[in-house]
Amino acid sequence: MEHRWYSQWSFFDKKATENKNRYYRTQLIVGIGSVTVPVLVGIRADDVAGSVLYFVTVFISLAVAMATAIESLYTFGDNWRSYRSAAENLHQEKSLYDVTAGRYANNQQAFMRFVERCEEIIAQQNGRWIQSQEKAAEHIPQEADAFAETYGWQIPR
């Protein structure tokens, strides 16, 4: 029990933390870049300073577009919430089992019920993950076309 439950809880907890950190990083780039670009565009400069300012503006705009595309493709925010939900559900189940509360109170087959509930939570999480991957794969061609169109590129088909 400890090995199966703990390994799954640990996995979901770790994945939730990783996805949260990635989500915050991409959103930080999008947020700061989105605020910075209009300011840079509004600054008037000539010669070398104007050229540098132009390239900085293009670089920040590209970083914002890339961060948005990466988040859209990998859905770090959705993954974070999904993994955190699974980890918390497993943790709650273990807590109820440990103190024989809720569905485990006066239950002669508490251990069997605990295993069943944990496996249900794991299966639900796996189903959500598969659905998110299928959903992300559907949007890749449209997002690639939109990104290419923004910069006037043609994607060979």
*Measure nothing fancy, just the Cα-based angle from helix 76-98's long axis to the longest principal axis of the chain, in degrees from 0 to 90, nearest 10.*
20
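Take the Cβ-Cβ distance between Asn21 and Glu119 as r, set R0 to 30 Å, and report the resulting FRET efficiency rounded to the nearest 0.05. Display every interim value, and only then the final one.
Working: r = 29 Å, r/R0 = 0.96.
Given R0 = 30 Å and the Cβ-Cβ separation, E is 0.55.
Hey, what's the Kirkwood Rh for region 1-71 if you take every pair of different alpha carbons, in angstrom?
Values: mean 1/r = 0.0681 Å⁻¹.
After inverting the mean inverse Cα-Cα distance, the result is 14.7 Å.
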*Relative to the longest principal axis of the chain, what angle (0 to 90°, nearest 10) does the C-alpha long axis of helix 47-74 take?*
30
*For Ser132 and Val39 in one chain, what is 0.36 nm times their gap in residues minus the Cα-Cα distance, to one decimal in nm?*
29.9 nm
*Find the accessible area per residue for region 14-83; the probe is 1.4 Å, ligands and nucleic acids are left out, and the unit is Å².*
65
_Over the chain, volume per residue of the alpha carbon convex hull, in Å³_ = 142
_Value of [θ]222 nm, deg cm²/dmol, for the chain, DSSP H segments ≥ 4, -39500 (n - 2.57) each, nearest 500_ = -31000 deg cm²/dmol
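The values are calculated or read from the model by the stated rules, or taken from the named source; none is laboratory data. All values reported here derive from a predicted model rather than from experimental measurement. No Cβ is skipped: glycine too gets one built from the backbone with ideal geometry, and neighbour counts run over all protein chains shown. Side chains included, ligands, DNA and RNA excluded: accessible areas come from the protein's heavy atoms. Shrake-Rupley method; radii C 1.70, N 1.55, O 1.52, S 1.80 Å.
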